[in-house]
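Below: the structure, in structure tokens.
The values are calculated or read from the model by the stated rules, or taken from the named source; none is laboratory data. The structure displayed is predicted, hence computed values, not measured ones. Note: ideal-geometry Cβ built from the backbone for every residue, glycine included; neighbour counts use all protein chains shown.
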Amino acid sequence: MNYQNLFSEIAVEAQKIEDSGAVATYIPELGNIDPNKFGIHLTTLDQRRYGLGDFDEKFSIQSISKVLSLTLAFELEGEKLWSRVGIEPSGTPFNSLVQLEYENGIPRNPLINAGALVICDILVSRLENPRKDLIEFVRQLSGDGNLDYCRRIAESEKKTSYKNAALINLMKDFGNINNDIEVVLDLYFHLCSIELSCKDLTQVFLYLAANGINPLTGEKVTSISNSKRINAIMQLCGFYDEAGEFAYKVGLPGKSGVGGGIIAIHPGKYCVAVWSPKLNQKGNSHKGMKVLEFLTTRTQSSIF
């Protein structure tokens, strides 16, 4: 596939897409993003790179980072992990209290807010210095020792995160949170505040296209089995209650974030990331979803 020619086509296609939706404002710092930003970047397993637009500009990856914390926790806990969090699509908004109470404090999957909070609780229990160890894990995947949290965004989330506080308190009441609530929330806010560019994202997530191996170093990030399972969870649960739509139209495992980013993985071939801050009603990038649908349709590279 001549990806450079493809990206020329994407540039034309992106201009045709009506960029409806709005930036996330319930996290005040995200409301300050230029809504017209657009970038896309693709990295192949053999380290060929293709970019368009604002692909080298860093942004808050938000819930995309939940896949990284899941990877780390899965390595530490193994199958025990699934006694505390499920693997099923939620079918409800990412911060639903109703579903969580109905299911006795066991989140439906690790990619919704409640599930990611349980994962953070596990990391607080298992890591000596959770915040430091987590960002070091991301730096190793990227090959960039300067990647970091955005403390301004973490603080903005902390000031307005009443629903997350409700979720974690409910789970604590059901006995599914073991550590101090404020400590777990602090890790969660920092996890969501990680800033990466589309180019960074495609490098960081390439291990999921490479059977759990970091192509930069040749080192194992996670097992082949775990890599397969994480991709499956992304396919089923990566887009909140719009996961079926993404699977149907794009056909790749992926994860979105309310910062406007999307990462998608074609196992054995490439990772592609897109950033467009205007979100649809489900909390996913409107233009990003459309562009990725065009990409996989044009290249016939759905996994199905």
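Here are the criteria: (1) assigned to a helix (DSSP H, G or I); (2) over 18 Å from the mean Cα position of the chain (by Cα); (3) in contact (Cβ under 8 Å) with a residue 40 or more places away in the chain. Tell me which single one ASN104 does not satisfy. All conditions pass for ASN104, except number (1).
Here is a yes/no grid of residues against (1) more than 23 Å from LEU206 (Cβ to Cβ); (2) of a type in the set (Val, Ile, Thr); (3) outside any strand (DSSP E or B); (4) within 21 Å of the chain's Cα centre (by Cα):
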{"site": "SER8", "(1), (2), (3), (4)": "yes, no, yes, no"}
{"site": "ALA24", "(1), (2), (3), (4)": "yes, no, yes, yes"}
{"site": "THR43", "(1), (2), (3), (4)": "no, yes, no, yes"}
{"site": "GLN47", "(1), (2), (3), (4)": "no, no, yes, no"}
{"site": "GLY51", "(1), (2), (3), (4)": "no, no, no, yes"}
{"site": "ILE64", "(1), (2), (3), (4)": "no, yes, yes, yes"}
{"site": "LYS80", "(1), (2), (3), (4)": "yes, no, yes, no"}
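Right, SER302: surrounded by fewer than 18 Cβ atoms within 10 Å (Cβ to Cβ), farther than 21 Å from THR43 by Cα and out of contact with any His (no Cβ under 7 Å at 6 or more places or on another chain) or not? When the stated conditions are applied, SER302 does not pass them. Residues of the stretch 182-201 that are among the acidic types (Asp, Glu) and either within 16 Å of GLY115 (Cα to Cα) or modelled with pLDDT under 95 (or both): ASP186 alone. Contact map, the stretch 141-156: first residue more than 23 Å from TYR26 (Cα to Cα) and surrounded by 14 or more Cβ atoms within 10 Å (Cβ to Cβ), second residue modelled with pLDDT of 95 or more and among the aliphatic types (A, V, I, L, M), Cβ cut-off under 6 Å, separation 6 or more or different chains; pairs are LEU141/VAL204; SER142/VAL204; LEU147/VAL138. If the condition is being crowded, with 16+ Cβ neighbours inside 10 Å, of a type outside the set (A, V, I, L, M, F, W, C) and within 10 Å of SER276 (Cβ to Cβ), then the stretch 17-41 contributes ASP19, GLY21, LYS37, GLY39. Listed here are the helices (runs of 4 or more DSSP H) enclosed by the stretch 180-243 that have at least 2 residues being more than 14 Å from the chain's Cα centre (by Cα): 181-193, 224-237.
Being among the β-branched types (Val, Ile, Thr) and either exposed (fewer than 14 other Cβ atoms within 10 Å of the Cβ) or not in a helix (DSSP H, G or I) (or both) is the filter here; which residues of the stretch 161-179 pass it?
Within the stretch 161-179, the first condition is being among the β-branched types (Val, Ile, Thr), and the residues that meet it are 168, 177.
Of everything in the stretch 161-179, just one residue is among the β-branched types (Val, Ile, Thr) and either exposed (fewer than 14 other Cβ atoms within 10 Å of the Cβ) or not in a helix (DSSP H, G or I) (or both), namely ILE177.
Considering every residue within the stretch 83-97, establish whether at least one is surrounded by fewer than 21 Cβ atoms within 10 Å (Cβ to Cβ), assigned to a helix (DSSP H, G or I), out of contact with any Cys (no Cβ under 7 Å at 6 or more places or on another chain) and modelled with pLDDT of 95 or more. Yes, because at least one residue in the stretch 83-97 is surrounded by fewer than 21 Cβ atoms within 10 Å (Cβ to Cβ), assigned to a helix (DSSP H, G or I), out of contact with any Cys (no Cβ under 7 Å at 6 or more places or on another chain) and modelled with pLDDT of 95 or more.
Please go through the stretch 231-260 and give me each residue that is of a type in the set (Val, Ile, Thr) and more than 27 Å from GLU57 (Cα to Cα), ordered by number. Lay out the reasoning, then the answer.
Of the stretch 231-260, the ones of a type in the set (Val, Ile, Thr) are 233, 250, 258.
Matches in the stretch 231-260: ILE233 only.
Kindly evaluate ILE262 against the criterion of being of a type in the set (A, V, I, L, M), within 24 Å of CYS192 (Cβ to Cβ) and either surrounded by 24 or more Cβ atoms within 10 Å (Cβ to Cβ) or more than 15 Å from the chain's Cα centre (by Cα) (or both). Yes; evaluated as a whole, the condition is true for this residue. Please verify whether the stretch 46-69 includes one or more residues that are touching a Pro at 6+ places or on another chain (Cβ under 9 Å), exposed (fewer than 14 other Cβ atoms within 10 Å of the Cβ) and modelled with pLDDT under 95. Yes, there is a match, as at least one residue in the stretch 46-69 is touching a Pro at 6+ places or on another chain (Cβ under 9 Å), exposed (fewer than 14 other Cβ atoms within 10 Å of the Cβ) and modelled with pLDDT under 95. Of the strands (runs of 3 or more DSSP E) lying entirely inside the stretch 247-295, the ones with 3 or more residues being more than 21 Å from SER96 (Cα to Cα) are found at 261-266, 270-275.
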